[in-house]
Structures are given as structure tokens and as C-alpha cells.
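See structure below.
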Amino acid sequence: MEQQHTSIALEEMAVQELTSRMRGELLRPGDAGYEQALRVYNGMIDKRPALIAHCVDVADVIAAVNFAREHELTLAVRGGGHSGPGLGTCDDGLVIDLSGMKGMRVDPSARTVRVEGGCTWGEVDHATHPFGLATPSGFISTTGVGGLTLGGGIGYLSRTLGLTIDNLLSVDMVLADGSFVTASAEDHADLFWAVRGGGGNFGVVTSFLFQLHPISTVYGGPMLWPIEQAADLLKFWRDFILNAPEEINGWFGFVTVPPAPPFPEQFHLKKMCVIVWCYSGALEKADERFKPIRANVPPAVDFAGPIPWPVLQSLFDALYPPGLQWYWKADFFTDLSERAIDLHVKYSAQLPTMHSTMHLYPINGAVHRVGPSDTAFSFRDANFSEVIVGVDPDPANNERMIQWARDYWMALHPYSAGGGYVNMMMDEGANNVKAAYRDNYARLAQIKATYDPSNLFHVNQNITPTR
Ligand SMILES: Cc1cc2nc3c(=O)[nH]c(=O)nc-3n(C[C@H](O)[C@H](O)[C@H](O)COP(=O)(O)OP(=O)(O)OC[C@H]3O[C@@H](n4cnc5c(N)ncnc54)[C@H](O)[C@@H]3O)c2cc1C
């Protein structure tokens with residue numbers, strides 16, 4: 001991904017010039033705050049940029065983009081810093097760090113929120129919840145709005161309201177030539193098509209405008225079952241979620257129960273199956289909706305109940321603090337065959353560390369109402385998004401957990417729809433990026449050639465500019 005641009009020795013005067021053009025701080029190795037600023041969420045990533053531009057406004061972003069282009073520097077753009085392969089940073093080049101751009105404006109009558117590029121989803125929830133409003137995001141509150149949205153955005157409201165990009169109304173962007181545009185269905189429609197799934201390939205998004213929905217207190221949370229029930233439970237969940245009303249979401253996972261409250265002691269450190277629910281329909285109907293689940297597959301632990309949206313969104317934040325080692329593998333699935341279920345049962349019994357996990361996110365319902373070529377996100381006909389992640393605080397366990405994730409993914413891949421979610425992949429090369437976009441890749445490559453012909457924005461799941 002960093003093949004095309006090499007860094008050059010930065011002359012003091014040039015650096016001083018960029019400093020003078022920025023309102024935010026420009027950090028170099030040795031500066032106070034540099035060591036802290038270079039860290040990203042995945043502790044496995046150890047990169048040392050030559051410059052970290054802590055941008056605080058659009059003018060800072062324009063100055064940094066122009067500087068990187070003029071000095072032929074590798075350029076990385078960081079939103080929330082959650083990328084598995086560390087695509088929010090680079091060695092030797094320039095990092096545009098948007099974490100200082102936290103502005104937000106809720107318009108309660110239009111039910112929209114304007115969000116600057118450095119916000120996390122927890123910050124968005126904080127701003128919109130007092131209005132009883134929310135927009136679809138992910139499953140954890142610390143993830144950046146930037147990367148999650150630009151890759152698609154799969155979360156607790158996908159079946160109900162679609163992907164995050166299906167609720168995106170417009171973006172403000174700084175392009176590779178330093179110009180500023182607003183892209184929407186009306187303006188720069190090709191660019192707006194591309195950023196809805198095409199990642200950070202097309203420029204720096206300085207702000208996003210989202211549609212909000214009346215989501216305030218939902219009915220949700222985890223239910224857990226013994227791992228021995230995995231095969232039967234997976235079959236039950238598959239059939240249930242493919243036919244459930246769209247206001248019911250529930251992702252399936254294999255987990256190791258943390259040895260702490262609120263989990264009952266007899267389950268501590270046990271491998272278990274989990275379904276984490278989010279029902280956003282009428283609360284008075286929730287018990288009725290969950291009755292067939294509780295009757296047919298009674299859970300061993302049942303935490304589902306009324307819960308404020310921001311609380312559901314942040315339930316797992318403490319379990320996954322920044323700095324852990326992460327290794328991701330992903331695929332989309334149209335169906336879950338008996339053979340695929342057998343393989344899930346086999347590999348779930350081998351979860352290598354307490355934090356390691358496998359999730360299956362349902363992406364039917366509202367996600368399917370948008371066509372495969374309506375946005376860059378192609379897999380609109382898939383029903384499930386699978387992610388296998390080896391996670392642990394101790395790098396000594398990396399080899400073991402990486403091997404488990406690879407073996408698990410390889411075993412299931414023949415049953416997949418053929419590509420994975422770009423936001424849940426490591427740096428896996430051009431063929432896997434192409435597989436993620438299928439027929440949309442050629443159009444993405446053309447739009448890339450229009451807006452970023454020299455591939456300045458290449459530290460991402462990269463799309464090669466092609467006319
Ligand atoms: C703990 C955890 C939970 C997650 N849960 C979910 C989930 O529930 N649903 C889901 O869909 N994904 C989820 N993800 C994956 C997540 O969507 C990706 O890691 C995403 O890239 C993170 O975005 P970020 O801005 O935090 O990352 P960064 O590392 O900052 O950026 C990732 C990529 O996006 C680009 N980028 C970021 N912001 C901008 C911007 N403003 N303009 C241009 N380019 C930009 C970067 O250049 C980089 O290529 C999760 C990740 C983690 C670590």
C-alpha cells in the first residue's frame with residue numbers, strides 16, 4: 001500500500017512553512033506529545049511518521065494535503081485510528097490526524113447531524129441522544145466516524161435503517177489537488193457514490209451530514225448459551241434473523257466470558273455463544289417479540305432489556321481498550337450451510353485467547369433495499385458479514401491467534417460469497433480489495449483516476465486509478 005510514494009528528507013524550512021500555515025500542532029519525532037500521538041488503536045501497529053499534522057479545521061487539512069503532495073510524502077489520514085491494519089498511520093510520511101476536528105451540529109427539525117471528520121461514534125451519540133435521535137453506526141462507541149462510514153458501516157441498526165452510508169446525505173472533502181468540494185446525490189454524484197463504501201481513497205472527508213432517526217431507548221443486550229449448543233443455536237439464529245421483522249437486529253458471536261461482574265461466576269472464562277440484540281420497535285411489544293427466542297432456545301444468561309441507545313453502543317468499550325493486539329479476517333456469506341456451521345463449531349472450540357472472537361452480523365433487511373451498484377458497497381445480496389478476530393494484550397500470543405484466525409477463515413472461505421468487508425480486513429493486497437468491490441471496482445478505479453490520479457491517498461484499502 002505504500003509502494004508508490006517515498007519519503008524525502010524534510011528540510012527545516014519546509015516544515016516551518018507548514019507549521020506557519022496551520023492552526024493545529026505539527027509534531028515531529030522528539031516533540032513532546034509525538035510518542036502519544038503516533039499510537040493507533042491496534043497495539044500490533046508500530047509506525048513512526050515524520051510528521052503528524054493535528055488538524056483543527058479545513059484550512060489545516062488543505063495545507064497538509066498540499067504539503068504532502070508537493071513534497072511527495074507518503075500521506076496517511078486518521079479519523080478514529082481503529083483500522084486493523086493501521087491505515088491511519090505510516091512510516092516516515094505525513095499523518096493528517098483529524099482527532100482535533102470534533103465539531104457537531106444537530107438539527108432537530110430536519111433530523112440531521114453534521115459531524116466533523118475526527119469524531120467517534122460515542123461522541124455522535126452524546127450529541128444526538130438528548131434529542132431522542134440517532135443514526136446507524138457500529139457495535140462499539142470508540143470507533144471513528146470517518147473510517148467506519150467510508151467503508152460502509154455495519155451495526156445494531158443495519159436491518160432496520162441500513163448501513164451507515166445509507167443514512168449519509170453529504171460529505172465535505174479536501175481532494176488530492178487541495179481543492180474543497182461538497183459531494184451529495186446532487187453535487188459530484190460520482191464522488192458521493194464512491195465514498196459510500198470506497199474508503200479513504202478519494203480525499204479527506206472533513207465533515208459528514210447524516211440523517212437521524214427517532215432512536216432513544218431500545219430493547220437489547222447480550223444473551224449467552226453454552227458452547228455445546230453452538231450448532232443448534234446457529235441454525236435457530238440463522239432461520240430467525242432471516243425472517244424476523246426489520247426492527248430486530250441481533251449479531252451472533254463466540255466469546256470467552258470475562259471473569260468479572262455482571263457475568264455469573266459459574267460462567268467465568270467459559271467459551272460461550274452470544275447473541276447481542278437490538279430491537280428498536282415499540283418497547284411495549286418487546287417482550288412479545290423475544291418470547292419465541294426465550295421459549296425455543298432459553299439462554300443461560302439473559303441481559304436483554306430496555307437500554308438507552310448510547311449505553312448499548314458502549315457496552316463493549318471497556319472490554320476492548322486501545323492498545324490490544326488485533327488480527328482481523330472477514331468474509332460475506334449469502335447462507336450458512338450445515339457444513340459451514342460444522343466448521344464454526346470446530347473453530348469456536350479453539351478460541352485462542354480471552355478477547356478473541358468470531359462475529360456474524362446480519363445484513364439483510366434494510367441493507368438489501370439498496371442495490372449492489374447503487375453505492376460502492378457491493379455485497380447488498382449477502383445476508384451475513386463474518387469477522388474473525390484474534391485479540392490479546394500480549395504480543396507473545398500473536399503467532400497463535402493469527403494462525404487460528406487464518407485457519408478459521410480459510411476453512412469457511414469456500415462457503416462465502418467471495419469477498420469481505422473492507423473495514424474488517426488486514427492489509428491483504430489488491431486482489432482482496434477487488435473481491436470486496438466485485439463489479440463496482442472498475443467504476444471506483446475510474447472515479448479514483450478523476451479525483452486522485454497520482455494515488456496520493458493510497459494508505460487505505462487501495463483502489464488503483466484506472467481510466
Ligand atoms: C473495536 C472495533 C470495533 C469495530 N466495530 C465495527 C462495527 O461495529 N461496524 C463496522 O462497520 N466497523 C467496525 N469496526 C471497523 C471499523 O469500521 C474500521 O476499523 C474503520 O476503518 C475505523 O475507522 P477509524 O476512523 O476509527 O479508523 P482510522 O484508522 O482512523 O482510518 C481507517 C481508514 O479510513 C480512512 N479515514 C478515516 N477517516 C477519514 C476521513 N475523515 N477522510 C478520509 N479518510 C478517512 C483512513 O485513511 C484509513 O484508510 C470496528 C473496529 C474496531 C477496532
Mean separation of Cα contacts under 8 Å (6+ apart) over length of the chain, as relative contact order %: 17
Two-decimal Rg to Rh for segment 100-204 - Kirkwood Rh, Cα set: 0.94
Calculated FRET value between His413 and Asp381, using beta carbons and R₀ = 22 Å, to 0.05: 0.80
Additional length obtainable on full extension of the chain from Ala231 to Thr217, 0.36 nm per residue less Cα span: 1.8 nm
Greater than 28 Å apart at Cα, pairs in Lys102/Lys285; Lys271/Lys291; Lys291/Lys329; Lys235/Lys285; Lys285/Lys329: Lys102/Lys285; Lys291/Lys329; Lys285/Lys329
Computed over the chain, the ratio Rg/Rh where both radii use C-alpha atoms and Rh is Kirkwood: 0.96
Summed residue charge, Cβ within 14 Å of Gln16's Cβ, Lys/Arg positive, Asp/Glu negative: -3
Calculated SAXS-style log₁₀ I(q)/I(0) at q = 0.11, 0.17 Å⁻¹ - segment 330-467, Debye, Cα scatterers: -0.47, -0.97
MRE, 222 nm, helices only [DSSP H, n ≥ 4, -39500 (n - 2.57), over the chain, to nearest 500]: -8000 deg cm²/dmol
Added length on full extension, which subtracts the Cα-Cα distance from 0.36 nm per residue, Leu269 to Glu284: 1.9 nm
Modelled label reach - Tyr34, point 7 Å along Cα→Cβ, segment 84-113 residues with backbone N closer than 18 Å: 89-97
Those GluC sites (Glu not before Pro) in segment 180-289 that DSSP places in a loop and that have at most 14 other beta carbons within 10 Å: Glu186
The chain: angle of helix 58-70 to the longest principal axis, Cα-based, in degrees nearest 10: 70
Heavy-atom accessible surface of segment 1-120: percent carbon and sulfur, 1.4 Å: 47
Extension gain, Thr19 back to Arg105 (0.36 nm per residue minus Cα-Cα distance, nm): 28.1 nm
Distance from segment 194-254 to segment 268-298 (C-alpha centre basis), Å: 14
Rough spin-label spacing in nm, given labels placed 7 Å along Cα→Cβ, for Phe316 and Ala349: 2.5
Spatial separation of Cα centroids for segment 364-420 and segment 26-53, in angstrom: 29
Loop GluC sites (Glu not before Pro), segment 49-119, which have at most 16 other Cβ atoms in a 10 Å radius of their Cβ (DSSP): Glu72
In segment 1-106, trypsin sites (Lys or Arg not before Pro) in a DSSP loop with at most 16 other beta-carbon atoms within 10 Å: Arg23, Arg39, Lys102
Label zone at Asp335, where the point sits 7 Å out along the Cα-to-Cβ direction: segment 388-413 residues whose backbone N lies under 16 Å: none
Net charge of neighbours whose Cβ lies under 11 Å from the Cβ of Lys448, counting Lys and Arg as +1 and Asp and Glu as -1: 0
Values of log10 I(q)/I(0), in the order q = 0.22 Å⁻¹, for segment 222-281 under a Debye, Cα-only, solvent-free model: -0.87
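The values are calculated or read from the model by the stated rules, or taken from the named source; none is laboratory data. Since the model is a prediction, treat every value here as computed from it, not as a measurement. Quick reminder, even Gly has a Cβ in these numbers, built from the backbone with ideal geometry, and neighbours come from all protein chains shown. In case anyone asks, the SASA skips ligands and DNA or RNA and just uses the protein heavy atoms, side chains included. Shrake-Rupley method; radii C 1.70, N 1.55, O 1.52, S 1.80 Å.
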